[in-house]
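The values are calculated or read from the model by the stated rules, or taken from the named source; none is laboratory data. On a predicted model such as this, the values are computed, not experimentally measured, just so you know. Cβ atoms come from the backbone with ideal geometry, glycine included; neighbour counts cover every protein chain shown.
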Amino acid sequence: MQNDFYDSAERLFGEVCTPAVIRQIEGGADTAHLWSELSSVGFADALLPETADGAALTLTEVWPMLFSMGRHALPLPYAHTLLARAWLQQAHATTCAQAQVLAQGLPEGTITFAPFRVVAGAAGVQAAGVNFGLTANWVLAQSETAVWLLPTSQAQRTPSGGHGSLDADLSWSADVAKASLLGQFQQPQFRELLALSLAVLIAGAADRVFEMTLGWANQREQFGKPIGRFQALQQQISEVAEQVFGARMAAEMACRSTTWQPAPALVALAKAQTSQAVARVVAVAHAVHGAIGVTKEFDLQLYTRRLNEWARAGGGAGYWSGVLGQQVLQANSSALDFVRTELFAEPAA
Amino acid sequence: MLTALEFNQVPAQEAAFRSEIRQFLNEALVGMPSHAKARSWMGTSDDFSKKLAKQGWLGLTIPKEYGGSGKGFFSRFVLSEELLASGAPVASHWIADRQSGPLLLRYGTEAQRQFYIPRICRGEAFFCIGMSEPSSGSDLASIRSRAQRTEAGWLLNGSKIWTTNAHGCHYMIALVRTSGETSDRQKGLSQVIIDLSLPGVTVRPITDMAGDAHFSEVFFDNVNLGADALVGTEGQGWDQVNAELAFERSGPERIYSSIALLDCWIDALRAQAIQDAETSALVGAMVAEMATLRALSLAVTQKLVDGESPAIDASVVKDFGTDFEQRLISNIAAWLGTHPEFIASPDLLQTLGYLEQMGATFSLRGGTREILRGIIARGLGLR
């Protein structure tokens, strides 16, 4: 990926989001410093129109940056934030013009999505298992038709995932919920945006894990030679290379757009294809690394833990394959023509 | 070294060409059952190949001066994709068109080009590839067939096996030893063209477990070849073969071998209004993977357009693709087992039966899974 955006993103993330920083944030350190360093270069508004002081880039153009975010396993929902800000800007300009929470413009800080497991009632709003719920500043949540932009600073937060997870159960009082309501939407707004964010992050993190695995296979010696010289490992690593290439291609396809918005069918393809790759990529990475790979001090686990979580978050391979499969079954074309016209935007033959 | 494969579209100007091919195929293949389509590029029809030649669709990328159409790699991708996805019986001309023509164009003498290539483009010269021998499968460098220099040319002795459609071809381009011993491995190997009608050549079709005969065994008993039988440089056969295999491995052949089954099954699901979550998820997973593979294959095509020789990338796509083709078969078979009340037509079951039986060859032909993964590992710097 020879691209200026990619190179500068790789440089920036490599400098400010080191494994040490990830460990600190997983340990509960404040995220404000990391976010100020990440946002100083103005990536956050990459997808906003120029009229909103954005860079007016397309999803296709920011794809390399999003991929790089996955490679560095940023412990903040940065990819989510880019898409959330573009969604908010559009909603503010149309349906949500009167929303109190947007009176001062788009919010400062990071934004994640909660499209599933959100419950609203007299006691307020509860969102369970929110992806990056521990480190996000805001949550765009939807329950039935109601959509909120909720501040995590005013939420009760409980970690919801396994060791080192950044996911959380969040709840807000009725007063906060009322002040945070953006409006009513007939369709689910955030399923695709969360799935796209995660698909691209998976592709990036899988690329990183593969790179580490290859490096280790060439470095670690047993029986007097690097373990990568053994055919048993070569066969597995080659298979994983195919899965990593496939995941990256699927994520790149989902970012094909001339606007900030993804095509829903491509999101389904990408989340399904990237998520199904994770189990094998992670298993082989750990098999090659041996016992050192599961230790706290070794960096591999920073990426493989995240891959396992992201694969099932926001709907996993089964869910998104089902979404795509429904479209195939409801269409009336051959498999090739469905793929060509719906996923490659080619004209009918 | 293996570098990233970037997404690219089929160029928009190919759309009209695709429509033209589709219209032709709709007429030419009307009423063809799925189990016949499943033969795909193992299905043989000299008549169909000649019809394609009349359309100007053999030798698509060959320059016009040699009787080709002078089109680009993306046109070829579109044509191959349409032929494979429709299950057209292309085996008669497939190897000549895909490998032998480009090989002769690259390494042949001017006289060889003038003689063979226009015949290939007219559908009058079908080629097969002589690589494997009874004792040389994956270990191709151990071949023993030998061509010895004579005053008039070469004297050929030995045999080849698993040669696709040799019994339906006019010529074979074979990898044989022209100097040294078997222990010299890759050194001393050369490629020669053999007219299969010559005295001393015996072709014996091999009947496979599905009842077809796609492969043959070919014996050479003191076959006299002319001096002009040598293709390219004497002793450079190994490198030439590897360049040729990059062509073989880079096309959409390795995505669509089981597509007749996928289409047949999806049509049956639609007809019986089956849309449950588990079934939808299986349909979606297969389509997502097929689309991803198509994009990877197009990325390899772009590398060919850019003048690269993407041998390792092509191995990635081929190995990934054959795995998909085989999993498609086992997944649909397993799905049928989970749904004993499903009304499976005889055509669906015959399609499945054929692919279950011959699907094992998908990861053998053109380099086994294990050989390809070894090539990928080398590209990754592990060997």
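Considering A:Ala263, A:Ala205, the condition of being of a type in the set (Gly, Ala, Ser), surrounded by 24 or more Cβ atoms within 10 Å (Cβ to Cβ) and under 19 Å from A:Val62 (Cβ atoms) is satisfied by A:Ala205 alone. Of all the listed residues (B:Thr164, B:Thr207, B:Thr202), the sole one being of a type in the set (S, T, N, Q) and touching a helix residue (DSSP H, G or I) at 6+ places or on another chain (Cβ under 8 Å) is B:Thr164. Every test in (1) under 22 Å from the mean Cα position of the chain (by Cα); (2) buried (at least 24 other Cβ atoms within 10 Å of the Cβ) is passed by A:Ser238 save one, and that test is (1). Looking only at residues of the stretch B:163-174 that are within 13 Å of the chain's Cα centre (by Cα) and assigned to a strand (DSSP E or B), we find that the one that is surrounded by the fewest Cβ atoms within 10 Å (Cβ to Cβ) is B:Thr164.
Number of residues in the stretch B:188-202 that are surrounded by fewer than 18 Cβ atoms within 10 Å (Cβ to Cβ) and closer than 26 Å to B:Tyr107 by Cβ: the value is 5. Criterion applied to A:Gly290, A:Gly315, A:Gly322 was being under 19 Å from the mean Cα position of the chain (by Cα) and not basic (Lys, Arg), and the one residue passing it is A:Gly315. The residue of the stretch B:23-47 that is nearest to the other protein chains (Cβ to nearest Cβ), among those that are of a type outside the set (A, V, I, L, M, F, W, C), in contact (Cβ under 8 Å) with a residue 12 or more places away in the chain and surrounded by fewer than 17 Cβ atoms within 10 Å (Cβ to Cβ), is B:Pro33. Here A:Ala91 fulfils each of the conditions (1) part of a strand (DSSP E or B); (2) under 30 Å from A:Ser257 (Cα atoms) apart from (1).
Just one residue in the set A:Glu309, A:Glu342, A:Glu297 is within 30 Å of B:Ser86 (Cα to Cα), out of contact with any strand residue (DSSP E or B) (no Cβ under 7 Å at 6 or more places or on another chain) and of a type in the set (Asp, Glu); that residue is A:Glu342. Every condition in (1) under 17 Å from the mean Cα position of the chain (by Cα); (2) within 22 Å of B:Leu364 (Cα to Cα); (3) crowded, with 22+ Cβ neighbours inside 10 Å is met by B:Gln99 except one, and the failing one is (3). The criterion of being more than 25 Å from B:Pro102 (Cα to Cα), more than 14 Å from chain A (Cβ to nearest Cβ) and hydroxyl-bearing (Ser, Thr, Tyr) holds for B:Ser330.
The single condition among (1) of a type outside the set (A, V, I, L, M); (2) more than 12 Å from every other protein chain (Cβ to nearest Cβ); (3) touching a Ser or Thr at 6+ places or on another chain (Cβ under 7 Å) that A:Gly316 does not meet is (2).
Just wondering, is there one or more residues in the stretch A:196-216 that are more than 9 Å from chain B (Cβ to nearest Cβ), outside any helix (DSSP H, G or I), out of contact with any Leu (no Cβ under 8 Å at 6 or more places or on another chain) and charged (D, E, K, R)? Looking through the stretch A:196-216, none of the residues is more than 9 Å from chain B (Cβ to nearest Cβ), outside any helix (DSSP H, G or I), out of contact with any Leu (no Cβ under 8 Å at 6 or more places or on another chain) and charged (D, E, K, R). Among residues of the stretch A:330-349 being within 28 Å of the chain's Cα centre (by Cα) and in a helix (DSSP H, G or I), the one that is farthest from the other protein chains (Cβ to nearest Cβ) is A:Thr341. Scanning the stretch B:213-245 for residues that are touching a Gly at 6+ places or on another chain (Cβ under 8 Å), surrounded by 17 or more Cβ atoms within 10 Å (Cβ to Cβ) and part of a helix (DSSP H, G or I) yields B:Ala229, B:Gln240, B:Leu245.
Identify all residues within the stretch B:255-275 that are β-branched (Val, Ile, Thr) and either without any contact (Cβ under 8 Å) to a residue 24 or more places away in the chain or more than 7 Å from chain A (Cβ to nearest Cβ) (or both); write none if there are none. If the condition is that a residue be β-branched (Val, Ile, Thr) and either without any contact (Cβ under 8 Å) to a residue 24 or more places away in the chain or more than 7 Å from chain A (Cβ to nearest Cβ) (or both), then B:Ile255, B:Ile266, B:Ile274 are the ones that fit.
Condition check: assigned to a loop (DSSP other than H, G, I, E, B), of a type outside the set (Val, Ile, Thr) and over 23 Å from B:Arg369 (Cβ atoms). Does A:Leu193 satisfy that? It is false that A:Leu193 is assigned to a loop (DSSP other than H, G, I, E, B), of a type outside the set (Val, Ile, Thr) and over 23 Å from B:Arg369 (Cβ atoms).
Comparison of B:Gln112, B:Gln9, B:Gln13 shows that the only residue that is farther than 30 Å from B:Leu348 by Cα, touching an Asp or Glu at 6+ places or on another chain (Cβ under 9 Å) and part of a helix (DSSP H, G or I) is B:Gln112. Quick check, is B:Gly158 under 23 Å from the mean Cα position of the chain (by Cα), outside any helix (DSSP H, G or I) and modelled with pLDDT of 95 or more? In short, no. Test B:Glu278 against the criterion of being within 9 Å of another protein chain (Cβ to nearest Cβ), buried (at least 24 other Cβ atoms within 10 Å of the Cβ) and modelled with pLDDT of 95 or more, and give yes or no. It is false that B:Glu278 is within 9 Å of another protein chain (Cβ to nearest Cβ), buried (at least 24 other Cβ atoms within 10 Å of the Cβ) and modelled with pLDDT of 95 or more.
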